[in-house]
Amino acid sequence: MIFTLPHLYVLAGLVLACVAAMTAADRRHPRRLGSALFWGFYALVFLAGDLLPPAWIGAGVIAMAVIAGLHRVAAGPVEHPSTAEYVERARRLGSTLFLPALAIPAVAMIAILATTKGKLGGVQLLDAGNPTLAAIGMSSVVALALACWLARETPAQGVREARRLVDAMGWALVLPQMLAMLGLVFSDAGVGKAVAWLATHYIAMDVRFVAVAVYAIGMALFTVIMGNGFAAFPVMTGGVGVPVLVGVFHINPAAMAAIGMFSGYCGTLMTPMAANFNIVPAALLELPDKNAVIRAQWPTAMGILAFNILLLYFLLPRP
């Protein structure tokens, strides 16, 4: 059997569909109908996204935005084990608790290194177009099986835990997918060209250090605005990176792209728009300050951004 991305989409859709069904059946849930519809629409995107007309999927995404905007997505009641149960499980599992999490990168790496474009001994095992993503999906299934074996639980308990985590993250779970698509929309809309025009007309881009600083800081700022480095990358790379740093100053494109993305990640550390990285952890840890994670990260982000600017500058070929 070949493990492909559609298989991964179906698995994700089935989990979300179970979350929607469990939420709809939970009469104690404070936002039962809204939350069930939200996760049901999201499950539909994964299960039938390539079968339904694009307009229908677009209408579903708009409906999700309306439901979230009206604050109809909320966490349901959670029954936590007692302290004694926590202590007993910790004693029984010990350090083996980390094995399922470690199995995901380990199995994925083994699958990638053992195959060539998803083939092993002439047999196609992984999606030829996206073997890395397929390997990560396959390793997640292996990790779930390992977790069930170690904890002596069934996959049904895994679905229940998935619902608890999905409830805790709320609508922010959708943000990475939405923001990544936003970058493509911005690129197709010509935002990169507009940025290039503004930069070349109002900033001295013929000065090497200024060009580097505009690219790196622009990556961080656009990420702060859009919440995702993948959304900022096509805008700043198309507007400044390729035409100026590569076209004028002849920097290595691979170095420019890698350091540019790293600069974008600096913006991720400083924005509430990256809710899945910064706001959700504060909520899961029940911190009194929802911006506590950002406050702890911004000095590191600023230091790395300054280092990236210097690194890009010294990597530019000298005339």
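A short reminder: the numbers here are calculations on the coordinates, not readings from a lab. If you're wondering where the values come from, they're calculated on a predicted model, not measured in any experiment. No Cβ is skipped: glycine too gets one built from the backbone with ideal geometry, and neighbour counts run over all protein chains shown.
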By residue number, the members of segment 19-37 that are surrounded by 18 or more Cβ atoms within 10 Å (Cβ to Cβ), assigned to a helix (DSSP H, G or I) and not hydroxyl-bearing (S, T, Y) are V19, A20, M22, G34, A36, L37
Counting only helices (runs of 4 or more DSSP H) wholly inside segment 197-308, the ones holding at least 1 residues that are without any contact (Cβ under 8 Å) to a residue 24 or more places away in the chain and either among the basic types (K, R) or surrounded by fewer than 18 Cβ atoms within 10 Å (Cβ to Cβ) (or both) are 208-226, 253-268, 275-284
Only one of (1) aromatic (F, W, Y); (2) in contact with a Phe, Trp or Tyr (Cβ under 8 Å, 6 or more places away or on another chain); (3) under 19 Å from W171 (Cβ atoms) does not apply to F277, and that is (2)
